[in-house]
Amino acid sequence: MTLLSASNDVAPTAWPRLSDLPRLARRHRLVFTGGGVLALVIVMALFAPMYVRDPMNMDPFKTLQPPSAAMWFGTDNLGRDVFARTVFGARLSLTVGLMVVASTALSGLLIGVIAGYHRGFDSIIMRVMDGLMSIPTILLAMALVSLAGSGLSILIVAITIPQIPSTARLVRSVVLSVRERPYVEAALCGGARAPKVLWRHILPNTIPALMVQSANICASAILTEAGLSFLGAGVSPEIPSLGNMISSSRLYLGLAPLTVFAPGVWLAVTVLAVNLLGDGLRDLFDPRLKRRR
């Protein structure tokens with residue numbers, strides 16, 4: 001068996017063609033449902049300055065107003081537009097989620113490949129990862145924010161660090177499995193260098209698992225950011241964030257329930273869409289699930 005044919009036998013799942021999208025939409029409803037809702041939330045967040053009011057603008061004469069044609073979700077205790085703050089809060093949450101995904105995926109991929117391919121570093125790296133995993137995510141993030149201060153960049157770093165170990169362990173497990181396959185051994189016996197084997201044969205096999213893991217990380221990062229903001233350890237209170245909106249408005253739940261429910265429901269819908277997308281990607285890339293259909 002040639003190296004090319006062996007590689008094709010175990011190659012990662014091929015990317016779908018445009019003509020396959022209707023069929024995939026029927027078979028993988030979770031991907032299209034979660035992706036569609038998430039795309040709508042992202043578009044609304046990106047173009048928020050074009051259709052909503054200034055979320056920082058306060059009007060003391062219009063505090064705790066009910067919903068109206070001008071302000072769809074009413075106003076909060078400082079007279080700020082709740083709909084505008086909710087949309088901009090989702091914008092911040094998505095920014096944190098995507099930045100955490102990017103930094104975690106790159107760091108976890110690098111650490112996992114090194115630990116899985118070079119056995120000499122495996123035990124040392126994994127013990128460090130085990131130590132980080134033993135610390136609760138929210139406590140480690142709060143400790144880092146307390147030491148370094150508040151701010152968006154500090155918040156992203158604080159959420160990223162606890163997410164790296166699980167990603168690194170996932171990539172390591174994939175690398176350990178792939179490096180023992182016949183086509184990788186054939187490439188090494190044929191004189192291929194380690195960087196070429198990693199780039200052509202091992203890294204492509206980590207992409208599907210990394211995509212599913214990235215969806216889970218994004219949902220976790222959005223919830224962690226909201227939790228830290230709710231506890232006062234996130235961004236500054238005047239900056240629109242779904243977490244600090246819920247925290248600052250919980251005292252006015254009886255007078256203006258939308259000040260709490262609007263950011264809460266928006267947060268739940270966003271996280272649900274990301275989770276549906278992650279579950280759908282898992283079904284799409286897992287060959288065992290395909291054989292069951």
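Quick look at the numbers
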{"item": "Given (1) small (Gly, Ala, Ser); (2) at pLDDT 85 or above; (3) touching a helix residue (DSSP H, G or I) at 6+ places or on another chain (Cβ under 6 Å), index of the condition residue 166 fails", "result": "(3)"}
{"item": "Helices (runs of 4 or more DSSP H) enclosed by the range 205-293 - at least 3 residues per element that are over 28 Å from residue 157 (Cβ atoms)", "result": "258-285, 287-292"}
{"item": "Test: residue in the range 128-135 that is open to solvent by less than 30 Å² (accessible area, probe 1.4 Å) and touching a residue at least 40 places away in the same chain (Cβ under 8 Å)", "result": "yes"}
{"item": "Residue match in the range 222-243 (condition: free of Cβ contacts under 8 Å to residues at least 24 places away in the same chain, buried (at least 24 other Cβ atoms within 10 Å of the Cβ), of a type in the set (S, T, N, Q) and in contact with a helix residue (DSSP H, G or I) (Cβ under 7 Å, 6 or more places away or on another chain))", "result": "yes"}
{"item": "All positions within the range 74-102 that are open to solvent by 40 Å² or more (accessible area, probe 1.4 Å) and modelled with pLDDT of 90 or more", "result": "88, 91, 95, 98, 99, 102"}
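Here's the yes/no breakdown for (1) crowded, with 16+ Cβ neighbours inside 10 Å; (2) modelled with pLDDT of 90 or more; (3) more than 30 Å from the chain's Cα centre (by Cα); (4) within 20 Å of residue 272 (Cβ to Cβ):
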{"residue": "15", "(1), (2), (3), (4)": "no, no, no, no"}
{"residue": "21", "(1), (2), (3), (4)": "no, no, no, no"}
{"residue": "26", "(1), (2), (3), (4)": "no, no, no, no"}
{"residue": "29", "(1), (2), (3), (4)": "no, no, no, yes"}
{"residue": "35", "(1), (2), (3), (4)": "yes, no, no, yes"}
{"residue": "42", "(1), (2), (3), (4)": "yes, yes, no, yes"}
{"residue": "49", "(1), (2), (3), (4)": "no, no, no, no"}
{"residue": "59", "(1), (2), (3), (4)": "no, no, yes, no"}
{"residue": "70", "(1), (2), (3), (4)": "no, no, yes, no"}
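The values are calculated or read from the model by the stated rules, or taken from the named source; none is laboratory data. Predicted model only: the values in this text are computed from it and were never measured. Ideal geometry is used to build each Cβ from the backbone, glycine not excepted, and the neighbour counts take in all protein chains shown. Surface areas here come from the heavy atoms of the whole protein model, side chains and all, with no ligands, DNA or RNA. Shrake-Rupley method; radii C 1.70, N 1.55, O 1.52, S 1.80 Å.
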